[in-house]
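Peer 1: Quick one: structure below, then a few questions.
Derivation of every value follows stated rules applied to the coordinates shown; laboratory data play no part. All figures in this text were calculated on a predicted structure; none of them were measured in a lab.
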Amino acid sequence: MGAERWIRKEQPGMSMFDNIKDKASDAVDDHGDKVSEGMDKAGDFADEKTGGKYGEQIDQGTDRAKDGLDGLDGQDDDIENQQ
């Protein structure tokens, strides 16, 4: 089933963005822990580069981005908001 999701063709009526959303949702479903880890690392990098000046805002943005990605499939079950 895993490879089939990446090979599926666009269905009539599906926009390019629907197709991208489906692929992103599948990636988050399959690798939510890795996505979360990568987002945390990116947030930590940005926090370091700004000298901690915007740490709270960076954490909020990271959490919102995780929530948005996690909700792509209509469920909130793939990414945990922890740092």
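Peer 1: Report the full-extension gain for the segment Q75 to E56: residue separation times 0.36 nm, less the Cα-Cα distance, to one decimal in nm. Mind showing how you got there, number by number?
Peer 2: Values: separation 19, 0.36 × 19 = 6.84 nm, distance 2.62 nm.
Once the chain is fully extended between Q75 and E56, it gains 4.2 nm.
Peer 1: Under 26 Å Cα-Cα from K23, which lysines qualify once same-chain neighbours fewer than 8 residues away are excluded?
Peer 2: K9, K34, K41, K66
Peer 1: Can you list the HN-Hα couplings for the range 30-41, worked out from phi with the Karplus curve (6.51, -1.76, 1.60; θ = phi - 60°), rounded to whole Hz and with x for Gly and Pro?
Peer 2: Here the 3J(HN,Hα) series is 7, 9, x, 5, 5, 4, 4, 4, x, 5, 4, 5 Hz.
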